[in-house]
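Every number here is computed from the coordinates shown, using simple stated rules; none is lab data. Here the structure is a predicted model, which is why all the values come from computation and not from measurement. Cβ sites come from the backbone with ideal geometry, for glycine too, and all protein chains shown count toward neighbours.
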Amino acid sequence: MRAIVHFLFVIVAFISLSAEAAASYRSELRKATKTGRLYSVDNFEAKLIWDATFVTDHYRRARAKEHIRLLKLSPLEAARYFAEEETKQQEETEVIVSLYSRKDYEHFSSDAETFWHIVLETDEGQKLSPLEVAEFPVSPYQKKLYPHVNRWSNVYRVIFPKGQMNEKVKIMLWSVVGESTLQWRHP
């Protein structure tokens, strides 16, 4: 009997959180996402248009709730997913990068030959290079999670080592054609 009551409590809590999840997700996404642009001074052609979503604790929780809501996960699956996300948050710093640039400027990876290089800088001046840059396809699910992504952009999951981040975090994207820096206040 106690197990049934506990199970029903989890279901009711899950349903009530589901309605709030969409609104709080959009709010957290707005806080976590910044946009940078780099234009040619000769003809104002876009060399780079990029968005970066810095995955903070708050944003990761909101994204997990939205994931659970969108995929209608069971309470057990939801608990497993939350646990996986909490583990990731403790081990790595994640940034979702959407990048549009000219064809000849497109190459973005963690390789030394990449056209675009990315660095995360902490407020203490520590510069972290990515451990992984992985492109992922933009599916209808991804468009729900990242509505700012368009069909001309390539989307990447960039993983940095965990660094000491107190108040500010900068992410710099640079190449031979210029650089763009985005900054967040870290909660």
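Think of it as helices only: each DSSP H run of n ≥ 4 in the chain is worth -39500 (n - 2.57), and spread over all residues that comes to -12500 deg cm²/dmol at 222 nm. Local charge for A46 was computed over the other residues whose Cβ lies under 9 Å away, with Lys and Arg +1 and Asp and Glu -1, and equals +2.
Evaluated with a Cβ-only charge set (Lys, Arg +1; Asp, Glu -1), the chain carries a dipole of roughly 860 debye about its Cα centre, given to the nearest 20.
For log10 I(q)/I(0) by the Debye sum over Cα atoms at q = 0.11, 0.15, 0.16 Å⁻¹, the candidate list reads [x] -0.57, -1.02, -1.12; [y] -0.46, -0.87, -0.99; [z] -0.54, -0.92, -1.03; the entry that matches the value derived from this model is [z]. What separates the Cα centres of segment 37-101 and segment 119-187 is a distance of 9 Å.
The HN-Hα couplings worked out from phi for segment 123-135 by the Karplus form 6.51 cos²θ - 1.76 cosθ + 1.60 (θ = phi - 60°) are 5, 8, x, 6, 9, 10, 8, x, 7, 8, 10, 10, 6 Hz, whole numbers, x standing for Gly and Pro.
What the phi angles of segment 50-59 give under the Karplus curve with 6.51, -1.76 and 1.60, with θ = phi - 60°, is a coupling list of 9, 10, 10, 10, 7, 7, 7, 4, 4, 5 Hz, glycine and proline written as x.
Among L29, T181, S109, whose Cα projects farthest towards the positive end of the dipole of segment 2-185, with charges put on the beta-carbon of Lys, Arg (+1) and Asp, Glu (-1)? Highest projection toward the positive end goes to L29.
Near the amide H of Y39, within less than 5 Å, lie the amide hydrogens of K47, all on another chain or at least 5 residues away, with H placed in the peptide plane.
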